[in-house]
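In what follows, a single structure is set out as structure tokens and then discussed.
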Amino acid sequence: MKKNRQFVIIVILFFITYVTPIVAQQHILINTKSNTLALHVNSSKELSTIYYGNNLNSEQDYTLISNEYNQGTDYTGIYNATYTSSGSKNLLEPAITVTHADGNTSLDLLFVSKSTTEISKGITQTDILLKDPVYPFEVHLFFLAYFENDVIEQWSTIKHSEKGSVILNKYASANLYLQGHKAFWLNHYHGDWAKEMRSEETKLTHGIKVLDSKLGARANLFQPSVFMVSLEKPATEDEGEVLFAGLEWSGNFRTDLELDPLNNLRIISGINNAASNYKLQKNKTFTTPKFWYTFSSKGKGLASRNLHDWARQYKILDGKGPRYTLLNNWEATYFDFDESKLKQLIVDSKKLGVDLFLLDDGWFGNEYPRNSDNAALGDWEVNKKKLPNGIGTLVKTAKKNNVGFGIWIEPEMVSPESNLYKKHPDWVIKQLGRKEHYFRNQLVLDLSNPNVQDFVFDVVDQLFTENPELAYIKWDCNAVIYNAYSKYLGENQSHLYVDYVQGLYKVLERIRAKYPKKPMMLCSGGGGRVDYAALKYFTEFWPSDNTDPIERIFMQWEYSYFYPAIATANHVTDWGKQPIKFRTDVAMMGKLGFDIVVEELNANDLLFCQSAIKNYGALGNTILHGTQYRLQSPEDNDVASLMYVNHTGNEAVMFNYLVNNRYGSGSFNPIKMKGLAAGQNYKVEEINVYPNKTPVVNTKIYSGDFLMKIGINPRVSLYHTSVVLRITKI
Ligand code: GLA
């Protein structure tokens with residue numbers, strides 16, 4: 001009897017010690033078509049990220065992963081937490097740091113539950129609840145998996161019911177963990193005005209590399225949040241394992257890439273916590289912005305194609321819709337125009353054959369007229385001297401000429417030389433009692449203030465109400481935030497950077513509720529604000545004020561890794577002074593526009609533009625909605641080459657550009673095409689041929705097999721600096 005009891009006790013102890021923890025362990029798999037993000041809950045309820053990469057064939061195999069990787073020991077305290085907290089076990093860079101209502105700074109987040117729902121076809125949302133065992137503090141981690149696109153969006157919500165407010169000192173959106181690789185190569189971007197998207201690739205060394213912005217508004221001026229991490233060695237277009245990622249936030253961001261002592265890479269991304277401690281009241285929820293990422297084991301090309309499809313389908317306003325070609329007057333006139341000059345430009349738009357005329361900066365302000373960039377922002381009434389009959393007459397002229405009419409605004413900003421500044425000094429972000437610092441002679445309005453939000457909404461609403469046929473808006477944002485201080489926020493100054501962006505989104509939400517599809521361009525002195533949170537409200541963005549086509553080939557190339565052609569507005573201007581054909585061919589690889597004096601074009605240049613616009617009309621769908629293949633990079637070749645194939649596979653366009661003007665440079669070998677059907681035949685013909693010139697590439701029929709295995713020499717040279725080919729299935 002006694003022996004039996006002993007045996008039962010031993011069996012129970014065995015179960016408690018060994019079996020229960022095993023049973024309590026859990027694997028959470030977030031699957032997309034080719035990839036899996038695998039999370040693991042251990043017997044202590046710690047949630048960790050054990051894998052992100054191509055799916056394993058057997059789900060069972062995910063349970064074996066943890067044993068194989070180099071894990072931290074109790075002595076290092078390192079573990080691959082899915083949302084790393086600070087003040088308890090973790091001593092490396094945290095995703096979240098808080099000060100509890102009682103002043104305590106420790107946080108431990110343990111797994112409580114998980115649920116997965118299909119929110120629409122092919123999109124599943126996983127919600128994981130984590131709770132602190134000591135404080136009434138909880139975090140939900142959300143993972144939105146877009147199955148077909150292999151994209152995941154991750155974010156968190158933070159809430160507590162402590163007695164008093166909790167300070168969020170750091171509150172990242174996501175915390176990824178990549179392990180089991182000998183090396184990680186970071187490709188990131190830097191820049192300035194007219195120098196956007198300069199890439200740098202570097203092998204990550206131990207410690208933390210931070211990508212961040214603290215500029216407030218125009219936050220991407222020096223650096224955008226998008227980046228790539230290649231595993232083992234730098235990925236190429238078609239080879240290598242690579243992660244692409246970025247934050248959906250139009251303000252200060254911060255991404256920490258920490259190569260830890262175990263040679264694993266921790267990536268933490270979110271709102272920049274610099275000067276931004278956030279006071280979270282009891283039972284209120286703080287929602288972090290989404291962090292998107294995608295993984296490809298077949299190089300950068302696949303990653304960006306997945307991203308393009310995802311963006312067009314879900315992230316860009318009217319991403320599947322049409323786009324307008326346009327003529328902009330900025331470089332044609334700057335601030336120097338009047339009604340008759342603009343009416344002439346409208347007639348010129350028609351002559352050129354574009355869909356729309358876009359009136360840029362300089363149309364507003366009376367007491368403080370907008371004749372240069374040092375006055376009038378905030379005074380959004382029509383300048384009576386330049387335009388005595390208002391905007392309405394221009395809209396009418398446009399209508400008569402069968403073109404649309406669009407207008408430039410910069411509604412978040414104020415010039416010290418304006419009535420708005422005099423009337424509402426309390427609406428302006430500035431330190432009372434300190435010298436004002438200006439960026440482009442202007443200051444930023446305090447969008448954390450609901451009255452300012454109403455004002456900004458009204459700027460747009462009034463334009464559309466007074467001119468219902470207004471067809472397009474270019475929304476600019478030229479200044480950073482100096483002297484960050486909000487009269488409205490009182491003692492919550494550290495909320496300003498966050499509340500500013502949330503205020504901006506509230507305004508844009510209202511605009512879109514009332515004007516769901518009116519096209520709007522997202523501009524910020526060029527590409528100072530481009531991200532997938534803003535693009536939800538915009539149909540396209542302005543990549544850079546630098547429109548020199550050589551520069552643009554490089555920039556547009558880099559943007560194309562992250563954003564589809566339909567979102568990238570490219571204008572033909574006089575920058576660079578290259579032949580009009582070269583400038584137009586470069587602009588045609590995205591959303592085409594012009595910013596030239598049509599009157600000054602010679603007959604052949606005009607003829608060329610008109611026929612190129614017609615070609616674009618015919619091929620626009622393929623360029624804007626097709627699948628993009630980057631064939632030959634401008635970085636290490638004389639000739640840059642890329643192509644688009646439409647979804648039926650019937651038609652493709654190949655763009656080829658000379659990027660090196662040194663003696664003897666050009667394309668001397670064929671360039672292999674991609675994305676065609678090997679067994680089909682295609683007619684290859686040169687288009688956008690300048691009047692009275694003969695094509696350099698003869699029209700011929702080739703098999704897809706030939707075009708993809710041997711390719712075509714586009715015969716780009718110093719004499720033919722760009723060649724555009726149309727490829728049609730026959
Ligand atoms: C910014 C924009 C330009 C133009 C000017 C007008 O610099 O990027 O395209 O609109 O403002 O002032």
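Just name the residue that is farthest from the chain's Cα centre (by Cα) out of those in segment 656-668 that are among the hydrophobic types (A, V, I, L, M, F, W, C) and open to solvent by 10 Å² or more (accessible area, probe 1.4 Å).
F668
Which residues, counting only those in segment 420-441, are over 22 Å from P369 (Cβ atoms) and open to solvent by less than 10 Å² (accessible area, probe 1.4 Å)?
I429 - this is the single residue of segment 420-441 that is over 22 Å from P369 (Cβ atoms) and open to solvent by less than 10 Å² (accessible area, probe 1.4 Å).
Any idea which residue in segment 363-374 is nearest to N478 (Cα to Cα), counting only those that are within 12 Å of the ligand (Cβ to nearest atom) and buried (at least 20 other Cβ atoms within 10 Å of the Cβ)?
Selected residue: R370.
Among (1) under 24 Å from F222 (Cβ atoms); (2) open to solvent by less than 10 Å² (accessible area, probe 1.4 Å); (3) away from the ligand (no atom under 16 Å from the Cβ), there is one condition V444 misses while meeting the rest; what is its number?
So the condition that V444 fails would be (3).
If you scan segment 52-69, which residues turn out to be open to solvent by 20 Å² or more (accessible area, probe 1.4 Å) and either in contact (Cβ under 8 Å) with a residue 40 or more places away in the chain or assigned to a loop (DSSP other than H, G, I, E, B) (or both)?
N54, N55, L56, N57, S58, E68, Y69
Here is a check on your reading of the model: is V395 out of contact with any helix residue (DSSP H, G or I) (no Cβ under 7 Å at 6 or more places or on another chain) and either β-branched (V, I, T) or surrounded by fewer than 23 Cβ atoms within 10 Å (Cβ to Cβ) (or both)?
Here the answer is yes, as V395 does meet what is asked.
Of (1) in contact with a strand residue (DSSP E or B) (Cβ under 6 Å, 6 or more places away or on another chain); (2) closer than 30 Å to A311 by Cβ; (3) loosely packed, with under 13 Cβ neighbours inside 10 Å, S113 satisfies all except one. Which?
The one condition S113 does not meet is (2).
Does segment 203-219 contain any residue that is at pLDDT 95 or above, within 16 Å of the ligand (Cβ to nearest atom), farther than 13 Å from S544 by Cα and open to solvent by 10 Å² or more (accessible area, probe 1.4 Å)?
Taking every residue of segment 203-219 in turn, at least one turns out to be at pLDDT 95 or above, within 16 Å of the ligand (Cβ to nearest atom), farther than 13 Å from S544 by Cα and open to solvent by 10 Å² or more (accessible area, probe 1.4 Å).
Just give me the residues in segment 299-344 being surrounded by fewer than 22 Cβ atoms within 10 Å (Cβ to Cβ), among the basic types (K, R) and out of contact with any strand residue (DSSP E or B) (no Cβ under 7 Å at 6 or more places or on another chain), in sequence order.
Result: R312, K320, K341, K343.
Yes or no: segment 407-419 includes at least one residue that is open to solvent by 10 Å² or more (accessible area, probe 1.4 Å), assigned by TED's automatic domain parsing to the domain that holds A375 and modelled with pLDDT under 95.
no
May I ask you to list pairs of residues, at least six apart or on different chains, whose Cβ atoms are under 7 Å apart, with the first in segment 384-402 being closer than 16 Å to W363 by Cα and the second being of a type outside the set (F, W, Y) and assigned to a loop (DSSP other than H, G, I, E, B)?
Partner pairs satisfying both residue conditions: K384/N366; K385/P369; K386/D338; I391/N467; G392/N467; V395/N467; V395/E469.
Take the conditions assigned to a loop (DSSP other than H, G, I, E, B), within 16 Å of the ligand (Cβ to nearest atom) and at negative phi and apply them to W380. Does it pass?
Taking the combined requirement at face value, the residue satisfies it.
Hey, can you tell me all the residues within segment 148-193 that are on the phi > 0 side of the Ramachandran plot and open to solvent by less than 10 Å² (accessible area, probe 1.4 Å)?
D150 - this is the single residue of segment 148-193 that is on the phi > 0 side of the Ramachandran plot and open to solvent by less than 10 Å² (accessible area, probe 1.4 Å).
One line per residue, one yes/no per condition, for (1) open to solvent by 50 Å² or more (accessible area, probe 1.4 Å); (2) within 28 Å of the chain's Cα centre (by Cα); (3) not assigned by TED's automatic domain parsing to the domain that holds T547:
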site: M588; (1), (2), (3): no, yes, no
site: V598; (1), (2), (3): no, no, no
site: N615; (1), (2), (3): no, no, no
site: V639; (1), (2), (3): no, yes, yes
site: M654; (1), (2), (3): no, yes, yes
site: P670; (1), (2), (3): yes, no, yes
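Keeping to segment 505-530, report how many residues are part of a helix (DSSP H, G or I) and not charged (D, E, K, R).
Result for segment 505-530: 5.
Any idea how many residues of segment 675-695 are part of a loop (DSSP other than H, G, I, E, B) and either open to solvent by less than 30 Å² (accessible area, probe 1.4 Å) or among the aromatic types (F, W, Y) (or both)?
4
Within segment 534-546, identify whether any single residue is assigned to a loop (DSSP other than H, G, I, E, B), within 16 Å of the ligand (Cβ to nearest atom) and without any contact (Cβ under 8 Å) to a residue 60 or more places away in the chain, and answer yes or no.
Taking every residue of segment 534-546 in turn, none turns out to be assigned to a loop (DSSP other than H, G, I, E, B), within 16 Å of the ligand (Cβ to nearest atom) and without any contact (Cβ under 8 Å) to a residue 60 or more places away in the chain.
Mind listing whichever residues of segment 294-333 are at pLDDT 95 or above and within 16 Å of the ligand (Cβ to nearest atom)?
Across segment 294-333, the qualifying residues are L326, L327, N328, N329, W330, T333.
For the structure I just gave you, tell me whether D336 is within 16 Å of the ligand (Cβ to nearest atom) and either more than 30 Å from P416 (Cβ to Cβ) or assigned to a loop (DSSP other than H, G, I, E, B) (or both).
For D336, the condition - within 16 Å of the ligand (Cβ to nearest atom) and either more than 30 Å from P416 (Cβ to Cβ) or assigned to a loop (DSSP other than H, G, I, E, B) (or both) - is met.
Please tell me if D499 is surrounded by fewer than 24 Cβ atoms within 10 Å (Cβ to Cβ), within 16 Å of the ligand (Cβ to nearest atom) and not assigned by TED's automatic domain parsing to the domain that holds M197.
Against the criterion (surrounded by fewer than 24 Cβ atoms within 10 Å (Cβ to Cβ), within 16 Å of the ligand (Cβ to nearest atom) and not assigned by TED's automatic domain parsing to the domain that holds M197), D499 does not qualify.
Here is a list: R510, R529, R552. Which entry is under 18 Å from the mean Cα position of the chain (by Cα) and without any contact (Cβ under 8 Å) to a residue 60 or more places away in the chain?
The conditions single out R552.
Among what's in segment 461-488 and is open to solvent by 20 Å² or more (accessible area, probe 1.4 Å) and aromatic (F, W, Y), pick the residue that is farthest from the ligand (Cβ to nearest atom).
Y488
Against the condition more than 16 Å from the ligand (Cβ to nearest atom) and either free of Cβ contacts under 8 Å to residues at least 12 places away in the same chain or within 20 Å of the chain's Cα centre (by Cα) (or both), how does F562 come out, does it pass?
Against the criterion (more than 16 Å from the ligand (Cβ to nearest atom) and either free of Cβ contacts under 8 Å to residues at least 12 places away in the same chain or within 20 Å of the chain's Cα centre (by Cα) (or both)), F562 qualifies.
Restricting the search to segment 635-660, which residues are among the charged types (D, E, K, R) and either modelled with pLDDT of 95 or more or in contact with a Gly (Cβ under 8 Å, 6 or more places away or on another chain) (or both)?
E635, D638, E651
Taking the residues in segment 348-362 that are within 11 Å of the ligand (Cβ to nearest atom) and hydrophobic (A, V, I, L, M, F, W, C) as candidates, determine which candidate is surrounded by the fewest Cβ atoms within 10 Å (Cβ to Cβ).
The residue in question is L359.
The values are calculated or read from the model by the stated rules, or taken from the named source; none is laboratory data. Note that the coordinates shown come from a computational prediction; the quantities given were computed from them, not determined experimentally. Don't worry about glycine lacking a Cβ; one is built from the backbone with ideal geometry, like all the others, and counts go over all protein chains shown. SASA here: full protein model, heavy atoms, side chains in, ligands and nucleic acids out. Shrake-Rupley method; radii C 1.70, N 1.55, O 1.52, S 1.80 Å.
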